[in-house]
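Structure first, commentary second.
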Amino acid sequence: MNLRQDRSPNETDIRALYDALLEAYGPQNWWPGDGPFEVIVGAILTQNTSWTNVEKALEALKSAGLWSIGALHETPLDRLAGTIRSSGYYNQKARKLKTFAELVEAEYAGNLARFLALPLVDLRPELLAVWGIGEETADDIVLYAAGHASFVIDGYTRRIVDRLGWRVDGEAYGDYQALFSDRLPADARLFNEYHALIVRHAADVCRPTPVCEGCVLLATCPTGVERIRR
DNA sequence: TACCAGGTGACTG
DNA sequence: CAGTCACATGGT
């Protein structure tokens, strides 16, 4: 949306963004969840929802004794929905949790670790086949619960990429993902930290109305330069 | 008071 | 395939 000509970033640009964010904010130590089960539930509950609202719902699930695949599977939809109320879209999300639990119960004997042990090429498609799990949620789970190098693209990532004026070959999830995946080694630790840093930067600085003064990316950001000049 | 938040699926042309 | 809409709470 900036007035300059977009250009495709090269490997140096992609690495420089990571280095600048890491230098500015330090390691983020994501995912903010304790173990694969919490990562998965959190990934579903945080869809288009602030993490603070999700935290309340996670605590409510624990307090209600609904902290297992089996419990999600067996608990009536209405009770589950009421328990996760604070995360918003609670009817839809309750259905999503139950649909995922149903898969693990039916195909993996309720053994989450066994499901997550699938190779990446099988795990990601299996997740995408679950009602309520789209590309970002699948990659959250693949990366932060299973530890595979699948780069996560979210609204924050798109916003930063767009403001930096980086040309993307389309608007689809995979188009943004390729921007990073094609220019980085497939390293889960790197992808993990990179996405966490993007979230940190977008939430604190590159907000809907950006706080460009003092931004560590200002020197290379057309949007920032344009805003500061006025 | 609107707007925003770590999206997804259903439906339409 | 791209655009539009429903889904919903809590913080600023």
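What follows is calculated from the coordinates using simple rules that are stated; it is not laboratory data. Remember, predicted model here, so these are calculated numbers, not experimental data. With ideal geometry, Cβ positions are generated from the backbone for all residues, glycine too; neighbour counts draw on all protein chains shown.
If each of A:Asp175 and A:Tyr25 carries a label point 7 Å out from its Cα toward its Cβ, how far apart are those two points in nm?
2.5
Using the beta-carbon distance between A:Asp34 and A:Glu226 and R0 = 45 Å, what value does 1/(1 + (r/R0)^6) give for FRET efficiency, to the nearest 0.05?
On the way: r = 42 Å, r/R0 = 0.94.
Efficiency at R0 = 45 Å is approximately 0.60.
Could you give the size of the charge dipole of segment A:133-173 about its Cα centre, using +1 on the Cβ of each K and R and -1 on the Cβ of each D and E, expressed in debye and rounded to the nearest 20?
Value, rounded to 20: 220 debye.
For Cα pairs less than 8 Å apart in space and 6+ apart in sequence, what is the mean separation divided by the residue count of segment A:129-220, i.e. the relative contact order in percent? Write out the running numbers ahead of the final one.
Numbers: 70 pairs, mean separation 28.3, N = 92.
Over segment A:129-220, the number comes to 31 percent.
Using the charge dipole of chain A (Lys, Arg: +1 at Cβ; Asp, Glu: -1 at Cβ; taken about the Cα centre), state which of A:Phe115, A:Gly174, A:Ala188 has its Cα farthest towards the positive end.
Highest projection toward the positive end goes to A:Gly174.
Explain nothing, just the number: dipole magnitude of segment A:116-230 about its Cα centre with +1 on each Lys and Arg Cβ and -1 on each Asp and Glu Cβ, in debye rounded to the nearest 20. Don't skip to the answer; put the middle values down first.
Numbers: 12 positive and 17 negative charges, 131 e Å.
Charge dipole of segment A:116-230: 620 debye, to the nearest 20.
Please give the calculated 222 nm ellipticity per residue for chain A, where each DSSP H segment of at least 4 residues contributes -39500 (n - 2.57) and the sum is spread over every residue; nearest 500 deg cm²/dmol? Don't jump to the answer; show the numbers that get you there.
On the way: 13 runs with 137 residues, N = 230.
One gets -18000 deg cm²/dmol as the mean residue ellipticity at 222 nm.
Which loop trypsin sites (Lys or Arg not before Pro) in segment A:156-206, with loop taken from DSSP, have no more than 14 other Cβ atoms within 10 angstrom of their Cβ? List each step's numbers first, then the result.
Values: sites: A:Arg158, A:Arg159, A:Arg163, A:Arg167, A:Arg183, A:Arg189, A:Arg200; in loops: A:Arg167, A:Arg183.
Answer in residue order: A:Arg167.
Given segment A:79-152 reduced to its alpha-carbon atoms as identical point scatterers, what log10 I(q)/I(0) does the Debye formula return at q = 0.13 Å⁻¹?
Debye curve over Cα of segment A:79-152, log10 I(q)/I(0) at q = 0.13 Å⁻¹: -0.40.
About its Cα centre, what dipole magnitude does segment A:60-135 give when the only charges are +1 on Lys and Arg Cβ and -1 on Asp and Glu Cβ, stated in debye to the nearest 20?
360
So how much slack lies between A:Trp131 and A:Leu77, counting 0.36 nm per residue of separation and subtracting their Cα-Cα distance, in nm? Write out the running numbers ahead of the final one.
Working: separation 54, 0.36 × 54 = 19.44 nm, distance 1.50 nm.
Length gained, A:Trp131 through A:Leu77: 17.9 nm.
Could you compute the FRET efficiency for A:Arg167 and A:Thr49, with r as their C-beta to C-beta distance and R0 at 30 Å, rounded to 0.05? All intermediate terms of the calculation are to be shown ahead of the outcome.
Numbers: r = 31 Å, r/R0 = 1.02.
Calculated value: 0.45.
Report the trypsin sites (Lys or Arg not before Pro) located in segment A:1-92 that are in a DSSP loop and have at most 13 other Cβ atoms inside 10 Å of their Cβ, or state none. Can you show the working numbers first?
Details: sites: A:Arg4, A:Arg7, A:Arg15, A:Lys56, A:Lys62, A:Arg79, A:Arg85; in loops: A:Arg4.
Passing both the DSSP loop test and the Cβ count: A:Arg4.
Given the Cα-Cα distance of A:Asp122 and A:Lys56 and 0.36 nm per residue of separation, how much length would full extension add, in nm? The partial results should precede the final answer.
Values: separation 66, 0.36 × 66 = 23.76 nm, distance 3.25 nm.
Separation in residues times 0.36 nm, less the Cα-Cα distance, equals 20.5 nm.
Find the eigenvalues of the gyration tensor of the Cα atoms of chain A, then list the square roots of 5 times those eigenvalues as equivalent ellipsoid semi-axes, largest first, in whole angstrom.
Values: eigenvalues 238, 75, 43 Å².
The answer is 35, 19, 15 Å, longest axis first.
Between A:Asp13 and A:Trp67, what is the label-to-label distance in nm when each label sits 7 Å out along the Cα-to-Cβ direction?
Distance between label points: 4.5 nm.
Under the Kirkwood approximation applied to all pairs of distinct alpha-carbon atoms, what is the hydrodynamic radius of segment A:84-212 in Å?
This gives a value of 16.1 Å.
Order these by the 10 Å Cβ neighbour count, fewest first: A:Ser86, A:Ser8. Let's see the in-between values first.
Working: A:Ser86 17, A:Ser8 11.
Taking fewest neighbouring Cβ atoms as first place, the list is A:Ser8, A:Ser86.
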